[in-house]
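Below is one structure, written out as structure tokens; the observations come after it.
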Amino acid sequence: MPNAYSRAAKAQDDSNSIRLQKLLAQAGFGSRRKCEDMITEGRVEVDGELVTELGTRVDPHKQQVRVDGSRVRVNPNHVTLALNKPRKVLSAMDDPKGRYTLRDIVGDKYERIFHMGRLDYDSEGLILMTNDGELSQHVMHPKYEVEKTYVATLEGKISGTVCRRLVTTGVQLDDGWIKLDHCAIIDSSRDHTMVKVVLHSGKNRIVRRIFGSIGFPVKRLVRTQIGPIKLGDLKPGSYRVLSQTEVRSLSKEGGQ
């Protein structure tokens with residue numbers, strides 16, 4: 001059976017092949033020199049075989065590269081976006097009812113791009129979009145439990161005790177028990193409370209259902225983070241392309 005060296009040798013004549021250290025640098029692992037050190041330190045695998053030779057060339061379209069066990073993703077045809085969805089925008093690419101959708105924001109610039117998860121029509125904040133099916137599968141799969149962070153404005157004044165109970169005990173909904181990973185009061189007045197919540201579940205309208213079940217309807221809901229990717233100062237209705245470093249961190253969070 002051919003090993004990584006023979007596979008790499010075959011790549012020498014492939015116009016799509018590049019030096020392994022260059023591939024790693026493009027994937028956000030640091031300078032070319034730092035990537036060379038990673039190779040010689042025995043941290044890099046090509047198609048499951050350890051590679052320590054600096055002259056190795058690989059084809060990112062055909063070969064799988066891993067660093068410290070994590071998949072390296074460099075495909076010039078793949079793109080991943082962070083988008084700030086405003087209220088009254090449908091988390092879909094098309095709508096037969098003619099409502100404003102994600103496609104109206106990103107246009108047709110990116111081929112076969114789709115959203116990883118949803119936000120309900122009246123919620124706002126971070127949505128990730130990609131045309132990398134493998135990345136999407138890992139980010140969205142319940143097995144990998146990627147954390148999601150929200151800021152929710154609730155009707156009524158909720159106590160710290162109730163917040164703690166949502167983390168330690170949780171609540172029972174129609175589809176089972178659910179707990180928050182984190183709940184903290186950011187601000188409150190007599191008639192409203194702003195809380196920051198973190199949870200892994202991607203179930204439909206889960207944050208609204210949790211607080212609604214205990215008598216605190218959600219007036220406004222903004223998702224501010226998915227895994228390592230933050231909404232930051234991205235304006236509503238706009239988007240940005242994630243860097244290779246960000247995609248790599250997201251991929252690692254999704255178990256790749």
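Observations, loosely collected:
- Filtering region 99-124 to residues that are in contact (Cβ under 8 Å) with a residue 40 or more places away in the chain, over 21 Å from V247 (Cα atoms) and either surrounded by fewer than 19 Cβ atoms within 10 Å (Cβ to Cβ) or within 10 Å of the chain's Cα centre (by Cα) (or both) leaves D120, D122.
- Which numbered condition V198 fails, given (1) within 30 Å of R66 (Cβ to Cβ); (2) of a type outside the set (G, A, S); (3) modelled with pLDDT under 95; (4) surrounded by 14 or more Cβ atoms within 10 Å (Cβ to Cβ): (3)
- Identity of the residue in region 174-195, touching a residue at least 40 places away in the same chain (Cβ under 8 Å) and under 26 Å from the mean Cα position of the chain (by Cα), that ends up least open to solvent (accessible area, probe 1.4 Å): V195
- Residue match in region 59-82 (condition: surrounded by 20 or more Cβ atoms within 10 Å (Cβ to Cβ), at pLDDT 90 or above, more than 25 Å from the chain's Cα centre (by Cα) and of a type in the set (A, V, I, L, M, F, W, C)): no
- Per-region count, region 153-177, residues touching a helix residue (DSSP H, G or I) at 6+ places or on another chain (Cβ under 6 Å) and of a type in the set (V, I, T): 1
- Residue list for region 135-171, filter: on the phi > 0 side of the Ramachandran plot and either open to solvent by 60 Å² or more (accessible area, probe 1.4 Å) or assigned to a strand (DSSP E or B) (or both): E145
- Yes/no for I127 being open to solvent by less than 30 Å² (accessible area, probe 1.4 Å), at negative phi and more than 13 Å from the chain's Cα centre (by Cα): no
- Residues satisfying the criterion are present in region 146-168 (criterion: farther than 30 Å from Q26 by Cα, among the hydroxyl-bearing types (S, T, Y) and touching a Ser or Thr at 6+ places or on another chain (Cβ under 7 Å)).
- Of the numbered criteria (1) open to solvent by less than 30 Å² (accessible area, probe 1.4 Å); (2) within 12 Å of the chain's Cα centre (by Cα), the one S249 fails is (1).
- In region 218-229, the residue that is surrounded by the most Cβ atoms within 10 Å (Cβ to Cβ) out of those that are among the aliphatic types (A, V, I, L, M) and under 12 Å from the mean Cα position of the chain (by Cα) is I226.
- Cβ-Cβ under 6 Å pairs, at least 6 apart or on other chains, region 18-37 side within 17 Å of S70 (Cβ to Cβ), far side polar (S, T, N, Q) and part of a loop (DSSP other than H, G, I, E, B): L20/T56
- Hits in region 39-91 - residues which are hydrophobic (A, V, I, L, M, F, W, C) and outside any loop (DSSP other than H, G, I, E, B): I39, V44, V46, L50, V58, V65, V67, L81, A82, L83, L90
- With respect to the conditions (1) under 24 Å from S91 (Cβ atoms); (2) touching a strand residue (DSSP E or B) at 6+ places or on another chain (Cβ under 6 Å), I185 falls short on a single one, namely (1).
- Residue among G237, G215, G232 that is in a loop (DSSP other than H, G, I, E, B), surrounded by fewer than 16 Cβ atoms within 10 Å (Cβ to Cβ) and in contact with a helix residue (DSSP H, G or I) (Cβ under 9 Å, 6 or more places away or on another chain): G237
The values are calculated or read from the model by the stated rules, or taken from the named source; none is laboratory data. What you see is a predicted model, and the numbers here were worked out from it, not measured in a lab. For neighbour counting, all protein chains shown are included, and Cβ atoms are generated from backbone atoms with ideal geometry for every residue, glycine included. Ligands, DNA and RNA are excluded from the accessible area calculation, which covers all protein heavy atoms including side chains. Shrake-Rupley method; radii C 1.70, N 1.55, O 1.52, S 1.80 Å.
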